[in-house]
1. If contacts are Cα pairs under 8 angstrom and at least 6 residues apart, what is the relative contact order of the chain in percent?
2. Give, in nm to one decimal, the length gained when the segment between residue 73 and residue 11 is fully stretched (0.36 nm per residue of separation minus the Cα-Cα distance).
3. For the range 1-54, what mean projected area does the convex hull of the alpha carbons give, in nm²?
4. What angle, in degrees between 0 and 90 and rounded to the nearest 10, separates the Cα long axis of helix 3-23 from the longest principal axis of the Cα atoms of the chain?
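Rule-based calculations on the coordinates, nothing more; no lab input. Predicted, not measured: the structure shown is a model, and the values here were computed from it.
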């Protein structure tokens, strides 16, 4: 898979999870993909300081990204 295809698949995954984040007043941005296997995202809005944002990141965001782009090994949120 090319870098462009990988990025596109990750963006598709974020579009899939975005309505759930938006419903709580939050959103997500893709910051980068390093070495074709490490995605960096930024939770914004209400999600940036939510007490369960790490659970959201692992259970929702990471799972959805890995479903669309299985070669992604880690998803990290930066603030």
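1. On the way: 111 pairs, mean separation 27.2, N = 79.
For the chain, the relative contact order is 34 percent.
2. Taking 0.36 nm per residue and subtracting the Cα distance, the gain is 20.7 nm.
3. Working: hull surface 15.0 nm².
Mean projected area of the Cα convex hull: 3.8 nm².
4. Value to nearest ten degrees: 20.
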